[in-house]
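Throughout, read-outs are computed from the coordinates displayed, never taken from laboratory work. For clarity, every value in this text was computed on a predicted model and none was experimentally measured. In this analysis, Cβ positions are derived from the backbone assuming ideal geometry, glycine residues included, and neighbour counts consider all displayed protein chains.
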Amino acid sequence: MKFCSRCGSEHMVWRVPEGDNRPRHVCDSCSEIFYQNPNIVAGCVPVWGEQILLCKRAIEPRYGLWTLPAGFMENGETTAEAAARETWEEASTRVEVGELFAVFNLPQINQVYMMFLAVMPALEFGPGTESLDCRLYDEPDIPWDQLAFPTITHTLRYFFDDRRRGSYSLHFADIVREGGETILLARRDAAGPDAEP
Ligand SMILES: [Zn+2]
């Protein structure tokens with residue numbers, strides 16, 4: 001931060017405020033402290049019969065790769081509302097958002113993903129401004145090597161595994177990068193705690 005958004009001062013410093021335990025952006029003129037906290041990304045797995053709706057990204061990062069509808073939550077909405085809104089914006093379809101299905105902590109990029117199950121009540125969809133294309137996929141046709149983010153890959157794996165098992169449960173995992181490798185550390189799911197590459 002170069003300027004204080006409260007008083008306009010240029011005297012911004014990076015230091016531990018009194019009574020705090022970590023450095024923050026602090027204005028030396030008006031003493032305002034600017035806290036930075038993780039962002040929540042809300043999304044869903046839109047289902048039409050046996051098929052899943054994916055969107056091809058028209059924006060960076062990961063332009064041209066496939067994703068489930070998901071995006072940053074806005075102030076004044078719930079996580080389920082955010083998931084429905086993102087689906088409308090990216091895929092022009094009004095989904096019925098159901099149970100929370102997967103939560104991912106991404107501590108290295110300060111994000112938390114919250115992915116819901118969702119049903120498409122009608123066969124109406126199409127690319128919104130953030131998508132190049134939207135398509136319904138059967139499991140064998142999922143473009144696994146062209147998915148945009150590890151969170152999307154893991155959500156889809158959980159989804160198809162649960163569907164085979166016949167019941168859906170909440171999955172909770174941390175996704176971290178170590179030595180250039182993306183690692184999933186599963187904390188809780190139907191199969192119990194484990195770790196997989
Ligand atoms: Zn200030």
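Numbers below:
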quantity	calculated
GNM flexibility winner over the chain from Ala122, Ala58, Ala70 (Cα, springs under 10 Å)	Ala122
Phi-based couplings in Hz for the range 36-53 (Karplus 6.51, -1.76, 1.60; Gly and Pro marked x)	10, 10, x, 9, 9, 9, 10, x, 8, 10, x, 10, 10, x, 8, 9, 10, 8
Cα-centre dipole for the range 38-197 with unit charges at Cβ (Lys and Arg positive, Asp and Glu negative), debye to 20	120
Fewest-first ranking of Asp162, Asp145, using other Cβ atoms within 10 Å as the exposure measure	Asp145, Asp162
Among Glu86, Glu178, Glu32: highest mean-square fluctuation, GNM of the chain, C-alpha pairs under 10 Å	Glu32
Under 15 Å, Cβ to Cβ, from Ile59 - net charge with Lys/Arg +1 and Asp/Glu -1	-3
Length-normalised contact order for the chain - Cα pairs under 8 Å, 6+ apart - percent	18
Which of Gln146, Ile183, His25, positive extreme of dipole for the chain (C-beta unit charges)	His25
Within the range 1-71, chymotrypsin sites (Phe, Trp or Tyr not before Pro) in DSSP loop having at most 15 other beta-carbon neighbours inside 10 Å	Phe3, Tyr35, Tyr63
Nearest-20 debye value, the range 1-40 charge dipole, Cβ charges on Lys, Arg, Asp, Glu	140
Inverse of mean 1/r across different Cα pairs in the chain, Kirkwood, Å	18.5
